[in-house]
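Student: The structure that follows is given in the form of structure tokens.
Here, each number is a calculation from the coordinates, and none is a lab measurement. Quick caveat: nothing in here was measured; it's all calculated off a predicted structure.
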Amino acid sequence: MKAKVFVTLKPGVLDPQGKAIEHALGGLGFEGVNEVRQGKVIELDLAAKDRAAAEAEVEAMCKKLLANTVIENYAIEIDG
């Protein structure tokens, strides 16, 4: 079973990487980009056979390691 975890900064948390990307895009001539927020995608290959068990396992991974839940949100996508 495959899982993807999308981690993004919570609204209101400063995003210096997003600002740098926004500035660089403007410098390259891409006008009209008002705000850029940068995040990450983590792909996992799981041995779990049951979708509910896979979701619970990935949820635990997010809370313990993959996301800093104080400043980040995450979303889980399970395939399989």
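Student: How high is the relative contact order of the chain, in percent, counting Cα pairs under 8 Å that sit 6 or more residues apart?
Tutor: 52 percent.
Student: Let me have the 222 nm mean residue ellipticity of the chain computed from DSSP H runs of 4+ only, each contributing -39500 (n - 2.57), with the sum over all residues rounded to the nearest 500.
Tutor: So the calculated ellipticity at 222 nm is -9000 deg cm²/dmol.
Student: Pick from Gly29, Gly18, Gly39 the residue whose mean-square fluctuation is largest in a GNM of the chain, springs joining Cα atoms under 10 Å.
Tutor: Most flexible of the set in this elastic network: Gly29.
Student: Report the number of Lys pairs in the chain whose alpha-carbons are under 23 Å apart, with separation of 8 or more residues or on distinct chains.
Tutor: 17
Student: Of the candidates Leu65, Leu44, Leu28, which one comes out as most mobile in a Gaussian network treatment of the chain with C-alpha springs shorter than 10 Å?
Tutor: In the Gaussian network model the winner is Leu28.
Student: Can you compute the radius of gyration and Dmax for the chain, using only the Cα atoms, both in Å?
Tutor: Considering the chain through its Cα atoms, Rg and Dmax are 15.9, 48 Å.
Student: Could you give the angle, 0 to 90 degrees to the nearest 10, between helix 16-27's Cα long axis and the longest principal axis of the Cα atoms of the chain?
Tutor: Once rounded, one gets 50 degrees.
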